[in-house]
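Below is one structure, written out as structure tokens, with a few remarks after it.
The values are calculated or read from the model by the stated rules, or taken from the named source; none is laboratory data. Note that the structure is predicted; figures quoted are calculated from it, not measured. Here the Cβ is made from the backbone with ideal geometry for all residues, glycine too, and neighbour counts use every protein chain on show.
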Amino acid sequence: MDYTVGRDELGRYFAEFSMGQEAIGRWLSEELGSDLPSLEQLLETIAGLQQRQLRDYRLDGREFRLELDREEARIRAHSLDHDADGFDLEDLDYYDEELEAGCGLDDFNDVLVAWRELIAG
């Protein structure tokens, strides 16, 4: 999984991910942002999953839902759960790639550690 985290010219944090993983970057930038306590809680939750103390975890944000289990992390926009009245959903499949993504739990943990280094920095 290829990604870049950093600060833009206005000092805002950003995360850019490779094609098919864009939702992870949006979730980091828009949902988690610079909330260090929430980030630390997520890292503790991942440790609990890896140590088999937890089976799964779900966090509903403003625009996205994060779901974790012992193997995988998934991010999905709430908007995908609503019917698009009057639209042909097949024509919107391309845009769904920016609204949904998944990766292995270890990779997601590495992303969160990199994000923590950036925002705590």
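Only residues that are more than 17 Å from Val5 (Cα to Cα) and either in contact with a strand residue (DSSP E or B) (Cβ under 8 Å, 6 or more places away or on another chain) or surrounded by 16 or more Cβ atoms within 10 Å (Cβ to Cβ) (or both) were counted in region 104-121, giving 2. Among the residues of region 63-79, not a single one is surrounded by fewer than 19 Cβ atoms within 10 Å (Cβ to Cβ), hydrophobic (A, V, I, L, M, F, W, C) and closer than 14 Å to Phe108 by Cα. Is it the case, given these coordinates, that Glu71 is farther than 13 Å from Ala114 by Cα and in contact with a Lys or Arg (Cβ under 7 Å, 6 or more places away or on another chain)? No: the conditions fail for Glu71. Figure legend. Inter-residue proximity from region 30-43: first residues at pLDDT 95 or above, second residues loosely packed, with under 13 Cβ neighbours inside 10 Å, beta-carbon distance below 7 Å, spacing 6+ or different chains. Indicated pairs: Glu31/Arg62; Leu36/Ala120. Among the residues making up region 18-42, those that are surrounded by 15 or more Cβ atoms within 10 Å (Cβ to Cβ) and part of a helix (DSSP H, G or I) are Glu22, Ala23, Ile24, Gly25, Arg26, Trp27, Leu28, Ser29, Glu31, Leu32, Leu39, Leu42.
Go through region 33-54 and give me each residue that's within 14 Å of Glu117 (Cα to Cα) and not hydroxyl-bearing (Ser, Thr, Tyr). The answer is Gly33, Asp35, Leu36, Pro37, Leu39, Glu40, Leu43.
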